[in-house]
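J.: So that we are looking at the same thing, I have put the structure below in structure tokens.
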Amino acid sequence: MVMNQNKFIFFLVSIFIFSPLHADNSFKTEDVYSMRSVFLSDVSNDGSGLVFITGKANKKEDDFRRILYFLDTKKGKKLKLLESLGEKGMSFSSVKFSSDSKSIYFLSSGISESRKNNTQVWSLNLSNRVKKRVTHFDGNITDYDVSKDEKTIAFIGVKNSEEEISDETPPPIVIDRYQFKRDYEGFLGKNRDHLFIFDTKSKKEEQITSGQRDHYHPAISPDGKNVVFMTKEGEFDRHNDWDIFIKEIKEAKEPRKLTSNNSEDSSPLSGSRPQWSPDGSKIAYLHGGDHAMLWYALQEVSIIDVESGITDFITKDLDRNTTMPQWSKDGQNIYFILEDDMKSQLIKYSLMDNTSEEVTPENMYLDGYSRNYYVRDDKILFESSTANIPSEIYLLKEGQIDAITTENEDFIKNRLVGPTELISFQSFDNLVINGMMIKPHDFDPKKKYPLMIRIHGGPVSQYGRYFDFDWQLFASNGYVVMVTNPRGSSGRGFEFQKSIFANWGIEDSKDISAALDFALDLDYIDDNKLGIGGWSYGSMLTNYVIAKDNRFHAATSGAGISNILSGFGDDHYIREYIIEMGTPWDNLDAWLNVSHPFLNADDIVTPTLFLVGEKDYNVPLIGSEQMYQALKHLNIPTQLIIYPDENHGLSKPSYIKDRLDRYLDWYEKYLEE
């Protein structure tokens, strides 16, 4: 495969309007109430209109106000369609244009007074903004697709339980599933997500799938005759061998399995729905590699012939994660997002000559975890951020990129944004590790600055050239911030990201120590003021580092685990634990190997702040409790912060601000001593 990197010349004229040339305000924790999130939902068929969602924290209600807008891309006119604030207003998600682009479909549980009616498919007429409930499913709909003629809706739904809900003492929870927990859902029962077909004319629905398995990502063929979806055969909870199945909508035949690669094909975790070719003969999807490699395997955009089942692994030679495929209108090209080293760009792949070219510049980061671009004839609309500009929506046409939303313009133009520079250094075995350094806006190389090393979660993810509020907040408070992608990170190929398989915290912790070595060779780093921290796997790796490297003076460790044995049956990773390390009774050494920080807690001297959500079933409370208890017993300065009712990711704006305040206070206290 040939990658053409010089196909386009980019004129980023409108982007630099945002540049904070005359800003005078530093970033503060209070700014969590000022920034807006921006999410591109869909684009009309001719590209003249789009729908997007903004989110902004509301201090009074301690929740997020979400607004759905329609934007006329030609006139620049923005129209508010729906609004919600927590439980108030009308909820909305999964927003899509109708075939004629005169209305939109979306999922909603209705207005606040009728939320008990469950999540259904709704429509909204764009001319008069009249809302209409389309489905009346006895349960919750989680995903859907609408045929081009709008006669059929394929949806994924879970039916309401037959057990009556009572205000009296709840009955005991009976568990008999292999995986019985999931973050944000709690204990799992027998109800499963199944595929249903809804006829919009007769209002009749038909359940297509059954049994103890979940189903995801329905996609109806262009002619409306077939639907594909994802599920797993065999013992559903015990493996990750996802496959694509196809069902003839009007026929009574059983669904037919399309993929048979012994791999994680179109896993729901990827977020990429299978994409039918314009003529309906092929499907672009994500081939996930050997399912036994879990998240260490690459996600590769591939094309399968619906009739023959022959698959063309078009991105295999790239040795990178590729996601979110979309066909060109003529079916001769495939677009997708390519994750490279600290970059995530839109790529155009020609099926005629098997060549690729970059569509977006390397300094504009497109998140590969959700659909954030749409190709419409000679126009491409996409959502992106850069190192110094928060997310906005852009229009690319004839090589020129223009910002068509300015949701964060007023905020960012008045903030003193710290400069970001790329860094590289050698680790203990001479492997080159890459990252970035964010400096205070008024950086003076003649002065000494405290260092802050931040570690990403995952472990298979990466820090990239995107806007990150936390980094700028630390830089505004006088820190030189270093973010790196140690081995195990994505963006550098299969061998790099699988190098920590069943070997967490061993070599990647040495990469972080090498980052510190690199920083200490810089004349402007104060070697008496060294901080480190992270969330999720970033917390775990923080614990690994401070258990082996006593040079750090303060650490923050959020939602982590260090005694991995305590996660067995307590978090939602039982399947992944067994695949990666085996059982503790058969392979105890592997479990002890990755539990180093807890088993060697007496080697830790760094004052450490632990933080966690009370109802986090991803990396549960016990992981932070045990490390806190160990350091408290050892008389190492420590504190444990528990956020009530919160899961793995904090959802309350006041808690998000509180976490940032506690970070700053902890580092200030122990880096100043």
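The values are calculated or read from the model by the stated rules, or taken from the named source; none is laboratory data. Only a predicted model underlies this, so the values are computations on that prediction, with no experimental measurement involved. Here Cβ is always computed from backbone atoms with ideal geometry, including for glycine, and neighbour counts include all displayed protein chains. These accessible areas exclude ligands, DNA and RNA; they are computed on the full protein's heavy atoms, side chains included. Shrake-Rupley method; radii C 1.70, N 1.55, O 1.52, S 1.80 Å.
J.: When you scan region 490-510, do you find a residue that is free of Cβ contacts under 8 Å to residues at least 60 places away in the same chain, part of a helix (DSSP H, G or I) and touching a Leu at 6+ places or on another chain (Cβ under 8 Å), even just one?
T.: Yes, the conditions are met somewhere in region 490-510.
J.: For region 339-346, state whether one or more residues are in contact (Cβ under 8 Å) with a residue 24 or more places away in the chain, open to solvent by 20 Å² or more (accessible area, probe 1.4 Å) and within 20 Å of ASP279 (Cβ to Cβ).
T.: No, every residue in region 339-346 fails to be in contact (Cβ under 8 Å) with a residue 24 or more places away in the chain, open to solvent by 20 Å² or more (accessible area, probe 1.4 Å) and within 20 Å of ASP279 (Cβ to Cβ).
J.: Any idea how many residues of region 115-161 are on the phi > 0 side of the Ramachandran plot and open to solvent by less than 70 Å² (accessible area, probe 1.4 Å)?
T.: The qualifying residues number 3.
J.: What are the pairs with Cβ atoms under 7 angstrom where one residue, in region 608-621, is closer than 15 Å to GLY538 by Cα and among the charged types (D, E, K, R) and the other, located anywhere, is open to solvent by 10 Å² or more (accessible area, probe 1.4 Å) and outside any strand (DSSP E or B)? Sequence gap at least six, or different chains.
T.: Partner pairs satisfying both residue conditions: none exist.
J.: So which of SER427, SER476 ends up being open to solvent by less than 20 Å² (accessible area, probe 1.4 Å), of a type in the set (Gly, Ala, Ser) and modelled with pLDDT of 95 or more?
T.: From the options SER427, SER476, the qualifying one is SER427.
J.: Residue under question is TRP276, and the condition is that it be in contact with a Lys or Arg (Cβ under 9 Å, 6 or more places away or on another chain), at pLDDT below 95 and open to solvent by 10 Å² or more (accessible area, probe 1.4 Å); does it hold?
T.: Judged against the criteria, TRP276 is not a match.
J.: Taking region 632-673, which residues are part of a helix (DSSP H, G or I) and of a type in the set (S, T, N, Q)?
T.: Hit for region 632-673 is SER654, nothing else.
J.: Take the residues in region 279-294 that are crowded, with 23+ Cβ neighbours inside 10 Å and within 17 Å of the chain's Cα centre (by Cα), then tell me which one is farthest from MET581 (Cα to Cα).
T.: LEU286
J.: Let me ask something additional. As an exercise: evaluate GLY418 against (1) more than 22 Å from the chain's Cα centre (by Cα); (2) in contact (Cβ under 8 Å) with a residue 40 or more places away in the chain; (3) open to solvent by 30 Å² or more (accessible area, probe 1.4 Å) and give the number of the one condition it does not meet.
T.: With (1) more than 22 Å from the chain's Cα centre (by Cα); (2) in contact (Cβ under 8 Å) with a residue 40 or more places away in the chain; (3) open to solvent by 30 Å² or more (accessible area, probe 1.4 Å) applied to GLY418, the lone miss is (3).
J.: Spot the failing condition for LEU565; the list is (1) closer than 20 Å to MET436 by Cα; (2) open to solvent by 10 Å² or more (accessible area, probe 1.4 Å); (3) in a helix (DSSP H, G or I), and only one is missed.
T.: Checking LEU565 against (1) closer than 20 Å to MET436 by Cα; (2) open to solvent by 10 Å² or more (accessible area, probe 1.4 Å); (3) in a helix (DSSP H, G or I), the one that fails is (1).
J.: Anything in region 388-415 that is of a type in the set (Gly, Ala, Ser) and either assigned to a strand (DSSP E or B) or surrounded by 22 or more Cβ atoms within 10 Å (Cβ to Cβ) (or both)? List them, or say none. Even if it seems obvious, please write down each step before you answer.
T.: First pass over region 388-415, keeping only residues of a type in the set (Gly, Ala, Ser): 391, 399, 403.
Within region 388-415, SER391, ALA403 meet the criteria.
J.: Please go through region 455-473 and give me each residue that is within 19 Å of PRO390 (Cβ to Cβ), open to solvent by less than 20 Å² (accessible area, probe 1.4 Å) and in contact with a strand residue (DSSP E or B) (Cβ under 6 Å, 6 or more places away or on another chain), ordered by number.
T.: Matches in region 455-473: GLY464, TRP471.
Matching residues to (1) assigned to a strand (DSSP E or B); (2) modelled with pLDDT of 95 or more; (3) not basic (Lys, Arg):
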position: PHE8; (1), (2), (3): no, no, yes
position: LEU21; (1), (2), (3): no, no, yes
position: PHE27; (1), (2), (3): no, yes, yes
position: VAL38; (1), (2), (3): yes, yes, yes
position: LEU50; (1), (2), (3): yes, yes, yes
position: PHE64; (1), (2), (3): yes, yes, yes
position: LEU68; (1), (2), (3): yes, yes, yes
position: LEU71; (1), (2), (3): yes, yes, yes
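J.: If you don't mind, another one. Looking only at residues that are touching a Gly at 6+ places or on another chain (Cβ under 9 Å) and in a loop (DSSP other than H, G, I, E, B) in region 303-325, which one is nearest to LYS257 (Cα to Cα)?
T.: VAL306
J.: Restricted to region 73-83, and to residues that are open to solvent by less than 40 Å² (accessible area, probe 1.4 Å) and modelled with pLDDT of 95 or more, which residue is nearest to GLU30 (Cα to Cα)? I'd like the intermediate steps shown before the answer.
T.: Just the residues of region 73-83 that are open to solvent by less than 40 Å² (accessible area, probe 1.4 Å), to begin with: 73, 81-82.
Checking the rest, the ones that are also modelled with pLDDT of 95 or more come to 81-82.
Numbers: LEU81: 28, LEU82: 27 Å.
Ranking the candidates gives LEU82 first.
J.: In region 197-302, which strands (runs of 3 or more DSSP E) lie fully inside it and hold 1 or more residues that are touching a helix residue (DSSP H, G or I) at 6+ places or on another chain (Cβ under 8 Å) and farther than 21 Å from HIS572 by Cβ?
T.: Output list reads 282-287.
J.: Identify the residue in region 618-673 that is in contact with a helix residue (DSSP H, G or I) (Cβ under 9 Å, 6 or more places away or on another chain) and among the aromatic types (Phe, Trp, Tyr) and, among all such residues, is farthest from LYS28 (Cα to Cα).
T.: TYR643
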